[in-house]
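First the structure, in the form of structure tokens, and then the observations on it.
Values quoted throughout were computed directly from the atomic coordinates according to the rules given, and no laboratory measurement underlies them. These figures come from a predicted structure and were not determined experimentally. Here Cβ is always computed from backbone atoms with ideal geometry, including for glycine, and neighbour counts include all displayed protein chains.
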Amino acid sequence: MNTEIKKPVYYADYLQLDKILDAQTLESQKAGVRADDEMLFIVIHQTYELWFKEILHELNIIREVFLQDAIEDNQPHLYGSVHRLKRVIAILEVLVSQMGVLETMTPLDFLDFRDLLKPASGFQSIQFKMIEALLGLHFEKRQGKQYYISQLTPQDVERVKQVESEQSLLVLINKWLERMPYAKSRPYWMDNGQEFWQSYREALKQSLSEGEMSNLTAFDALFMPAGNYPEGRALSVEANKNALFIMLYRDYPLLQLPYDLLNALLEIDEGLSLWRHRHIHLVQRTIGKRVGTGGSTGAEYLRGAADTHYIFKELAELTSFLIPRHLLPVLPTHVVADLCYRGGE
């Protein structure tokens, strides 16, 4: 039996405040230049990196859940994953609002020390790249790939490559959606689900205006492909069907948490987009059309990333195929029973 008395925990020691509060080294002081706002600049970016670390922590826990072969409805895993995704969303809201603090630094304040930072750049934030990769942003879809290797140390390149080699959350969500029985299991629908989706297609067609008929062509390609499925998509036909089914019938008890999960993923994309666009406005306001300290095109690069780095856009696109509740196909009694707790009792 261990009888050793535990040493009392002291606030400053527990948080290692000596290390944290002594971690702000100003380049302007080294150069003998007066630049009072460099302290703010460092603290803001250190805070970002701490929040990035927490986001990675949460995403890795969620990945552990979805790496399982099955996620039971009566287990806390799905609820816990949704809870953690909502925490990530809350953190992203903080990251966006934190821009307001940085915007109190005027362009002249920044110019006092900006040239002393070259070639360091926010582009070199390895943790942010790891977040994007962990969520599902593929290397080939990254904006500014030409800077990807040249601006990072070999060690950091390997760190990101390691994350990119693992199954991203997007890949795992696709597999999770494919395992759901609603779109393809014979006990639910005749002809492996075609009866439901054919009737749904008719309801969708009725709901579309003349100018929206291209949505029907897109629906056929993603849900009822006669030939080759469109290349380069992250979600399979089965995943598309089950994701849309969840969105359509989300009011049933067993689909409420899956819907919350899908919605949280869309909110994460939205939060990242808001952060990127706020960053664009900050850069335009602070350096105008100047080149970034790391050699990128500055605001132009950020705008390109904001326009292309949507990770869960295929989920968002499924809303094009929603129809009003009163047009939804009526579900068979046994399906309704399976979507309710205790068999619909």
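Roughly how big is the chain's charge dipole about its Cα centre, with Cβ charges of +1 (Lys, Arg) and -1 (Asp, Glu), in debye to the nearest 20?
Computed about the Cα centre, the dipole is about 340 debye.
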**Top positive-direction residue, dipole computed over the chain with Cβ charges, set L92, L204, S150** = S150
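Would you mind ranking L17, L261, L152 by Cβ crowding within 10 Å, fewest neighbours first? Numbers along the way, then the final one.
On the way: L17 12, L261 20, L152 17.
Exposure proxy ranking, most exposed first: L17, L152, L261.
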**Item:** Extension gain, R34 back to S207 (0.36 nm per residue minus Cα-Cα distance, nm)
**Value:** 55.8 nm
**Complete:** Rounded to whole Å, √(5λ) for the Cα gyration tensor eigenvalues of the range 1-56, largest first, gives 35, 16, 8
**Asked** Working out 0.36 nm times the residue gap between R285 and I44, then minus their Cα-Cα distance, what length gain in nm do you get to one decimal?
**Response** 85.0 nm
**Message:** Given points 7 Å out from each Cα along the Cα-Cβ axis, report the A226 to L15 separation in nanometres with one decimal.
**Reply:** 6.6
**Prompt:** Put +1 on the Cβ of each Lys and Arg and -1 on the Cβ of each Asp and Glu in the range 11-344; which of L328, P225, Y310 then has its Cα farthest toward the positive end of the dipole?
**Reply:** P225
**Item:** In nm, spacing of pseudo-spin labels at R179 and N215 (7 Å Cα→C-beta vector)
**Value:** 3.2
**Request:** List the extent of the Cα atoms of the chain along each of their three principal axes, largest first, rounded to whole Å.
**Result:** 78, 68, 35
**Complete:** Footprinting proxy, K118, K30: sorted fewest to most Cβ within 10 Å, the residues are K30, K118
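Give me the number: length gained by fully extending A120 to H77, i.e. 0.36 nm times residue separation minus the C-alpha to C-alpha distance, one decimal in nm.
On the way: separation 43, 0.36 × 43 = 15.48 nm, distance 4.03 nm.
The A120-H77 span can extend by a further 11.4 nm.
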**Prompt:** Stokes-Einstein D for the range 211-281 at 4 °C, 1.567 mPa s, Kirkwood Rh over Cα pairs, in µm²/s?
**Reply:** 89
**Request:** Please express the Cα-Cα pair-distance distribution P(r) of the range 14-114 as a list of whole percents, one per 10 Å bin, running from 0 to the bin with the greatest distance.
**Result:** 13, 30, 26, 17, 10, 4, 0
**Prompt:** So what's Rg/Rh here for the range 51-172, counting alpha carbon atoms and using the Kirkwood radius for Rh?
**Reply:** 1.06
